[in-house]
Amino acid sequence: MAPANLYPSPIVVSGMSGSVTSIKVKINNLSHAWVHDVSFILQAPSGESLLLQSGTADGLSASNLTYTISDAGATQFSSNALWNNNGTYKPTGYFWDMWAAPAPPTPPGLGTYNAPGPFGPQTATLASTFNGLSPNGTWKLFVADFGAGDAGVIAGGWSLDISSGLPLHVDLQTFYGSRVNDINRLVWETSNETNFSHFELEHSADNLLFTSIANIDGKAPSIDPNKYHFEHKEANAAINYYRLKMIDQDFLYGYSKVVAIQSNPKYTGINTFPTVVQHEFQVHSENEVIRNLTLHDYMGRLVFARNPNDLSFTFIRQECPLIPGFYILSVFGNESLLSKTVLQFQ
């Protein structure tokens, strides 16, 4: 894999109101000897990302092509034919690549990029990934060549066409979940509910495919925050993912962040707090000495390891600046695993 010289390439958006309602990406003057090897990822300022193009036009070269990637495209890119100059095509993924940091990793898992068809179970679009987000901030385009022996250039760079609508008539203040009495409990608070309709609580077992499990009506405007909760009694035995779809009375909608809950954790005398990490977290053992402690990301990559040889340990994020996302904390005693916990780094 060879990243582009500018990796990622940024575009700063500012001064827009409301949330994203549609987005287009324009690639200007692409030339490449074997364009099948070239892939693109678009990442929003808030971290959501989508694979725009991969594995297209196998065996063919591109010369000074300009084109647009949009949900409004008539078709996806072909796997074996070159697309038209000045054409518009839907996001298309014929394979999922292993990207070098700081690009988001390959699905599944939190912090990974979304992917369109036809490869794999995902059918993500620009709308499903970015609609409802704030348009302002730094958007990033990751470009990489996943073949050897050839090269290319995007002579005219790239551009964004973003449309935004009125902001949702609700402000989501908090959204979190926890395991209580063998039930996954979701809790959230809102403010400024005016002309707001309802929430759809969505659930996923793999953070790829979400389905609605509950509709919760909005409440009347209040000086104090409106509080909501939902108990999911049919959760999976491993890790469960949840998000809120917030829907106005005029049918505009947006999504919350994703919350993960680990079901059926076994008590082992190991206490980890907090599990939603901003600056630090602490691990305490009631009896057995902590010999080894590791953090792995959702691709299984080791990102942190220590040998405390003590009953407690404090992780300080400033000393190990991990990017936002979910990580697996494993705590070992004398040649045995004492606990495994999901941590969310914000």
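Cβ contacts < 6 Å: first residue under 18 Å from Lys219 (Cα atoms), restricted to region 236-259; second residue of a type in the set (Val, Ile, Thr), any location; separation 6+ or different chain. Result? Listed pairs, sorted by first residue: Met246/Val170; Tyr253/Ile247. I need the full set of residues from region 306-333 which are surrounded by 17 or more Cβ atoms within 10 Å (Cβ to Cβ) and farther than 13 Å from Thr294 by Cα, in order please. Matches in region 306-333: Gly325, Phe326.
Tell me whether region 192-206 contains one or more residues that are surrounded by 15 or more Cβ atoms within 10 Å (Cβ to Cβ), polar (S, T, N, Q) and more than 30 Å from Thr106 (Cα to Cα). Yes, that holds for at least one residue.
Per the listing Ala155, Ala115, Ala103, the residue uniquely surrounded by fewer than 21 Cβ atoms within 10 Å (Cβ to Cβ) and either closer than 20 Å to Lys26 by Cβ or of a type outside the set (Val, Ile, Thr) (or both) is Ala155.
Leu160 satisfies every condition listed in (1) under 22 Å from Ala57 (Cβ atoms); (2) hydrophobic (A, V, I, L, M, F, W, C); (3) at pLDDT 90 or above; (4) surrounded by fewer than 19 Cβ atoms within 10 Å (Cβ to Cβ) except (1). Looking across region 136-162, not a single residue is of a type in the set (A, V, I, L, M), under 20 Å from Lys90 (Cα atoms) and part of a loop (DSSP other than H, G, I, E, B).
Within region 113-132, being in a loop (DSSP other than H, G, I, E, B) and either touching a strand residue (DSSP E or B) at 6+ places or on another chain (Cβ under 8 Å) or outside the structural domain of Val38 (by TED's automatic domain parsing) (or both) holds for Tyr113, Ala115, Pro116, Gly117, Phe119, Gly120, Gln122, Ala124, Thr125, Asn131, Gly132. Restricting attention to region 181-195, the residues that are part of a strand (DSSP E or B) and touching a residue at least 40 places away in the same chain (Cβ under 8 Å) total 6. Mind checking which residues of region 211-251 are in a loop (DSSP other than H, G, I, E, B), of a type outside the set (Phe, Trp, Tyr) and within 23 Å of Leu133 (Cβ to Cβ)? Gly218, Pro225, Gln249, Asp250, listed by residue number.
Listed here are the residues, each with its yes/no results for (1) of a type outside the set (Gly, Ala, Ser); (2) part of a loop (DSSP other than H, G, I, E, B).
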site	(1), (2)
Leu65	yes, no
Pro104	yes, yes
Ser134	no, yes
Ser164	no, no
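Only one entry in Gly269, Gly254 is on the phi > 0 side of the Ramachandran plot and surrounded by 12 or more Cβ atoms within 10 Å (Cβ to Cβ), namely Gly269.
The values are calculated or read from the model by the stated rules, or taken from the named source; none is laboratory data. Computed from a prediction, not measured in an experiment: that's the story for all the values here. Neighbour counts are summed over all protein chains in view; Cβ atoms, including those assigned to glycine, are modelled from backbone coordinates with ideal geometry.
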